[in-house]
Structure formats: structure tokens, C-alpha cells
Amino acid sequence: MTSTPERVTPPRPGPGTQDDELGLGRYLAILGERRGTIAASVALALALGGLYLLTTTPVYRANAILRIEQKSSSLGQLDELIPDVPSQAAPEMEVLGSRALLGRVADALHLGVSVEPRYFPVVGAAHARAHPGPDLAAVPWLS
């Protein structure tokens, strides 16, 4: 004779018993109790982020890489025998020559010299960037 095991359902906790699991309502209540602390933390983070964005100098960069690939020839080793065919290194030599020429011109014109204005600490550069126009910015009221 086979016996089937009976299913036992655990008793449900009554209204006066402590339940180990917290429901969504309880989590929302905990967040509601601390809404002032949460709002102050978010406001502080936004204020610090805004201050950082206003006081740092924007940096714009561009990089380029030129890659010259060798074309495969259909003639194979016969290309070496024909003098009219341009060398594979000719375009590369032009690139290197133009870079060397530009380096000499930059040195002759002193283009490597960097001159930057001095600003009042923390807020001076942000004040200068916010000023529209080519003339000098007015003296801020803080000075």
C-alpha cells in the first residue's frame, strides 16, 4: 500500500506577530521618513557637480592617424624591372617630409610657445569664459 505525503501549509502570521520579510510599503515608508536626508544629498551632489562644470576649463582634443597600405601588384616581381612605376615608399616619404617641414616652420615661428592668462583662483576662469565679446571683462563686484 502506498501512502501519499500530506502537504503541510505553514501558518500565516497574524496581525500581532513580527514578520521577517518587509513589504514594498514598508520600504517606501522608510524612504519617506528619510526624505529630507535624501533630498539634501541629491541637492548637494547637484550643486557640487554644477560648481565643477563651471570652474573647470573645457578641453577639446582631436587625434588623427594616417595609415598607408601597400597595394598588391598583379605583376609580382616584374614591377622591379619597370622604372616608370612609382615606389611604394613615395607616399610615405611625402608624409614624413611634410611633417619635418612643418616642424621646422613651427620652430622658426616659435609656435611651440604657450602663453596663458592668469586668473583669480577658482572663479576667475569661469568669469572670463562667461564674458561675451573681445573686450576686457568688467571687474566683478567681489574684488
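All of the numbers you see were taken from the coordinates with simple rules; none came from a lab. The shown structure was predicted, so the numbers you read here are calculated from the model rather than taken from an experiment. FYI the Cβ positions are ideal-geometry reconstructions off the backbone, even for glycines, and counts take in every protein chain you see.
Ordered by packing density, taken as the mean number of other Cβ atoms within 10 Å over each peptide's residues, highest first, how do 42-50, 121-129 rank?
121-129, 42-50
With a simple spin-label model that places each label point 7 Å from the Cα along the Cα-to-Cβ direction, the separation between Thr57 and Leu111 comes to 2.0 nm.
Here the peptides 34-41, 113-120 are ranked by packing, the mean other Cβ count within 10 Å, and the order with the highest first is 34-41, 113-120.
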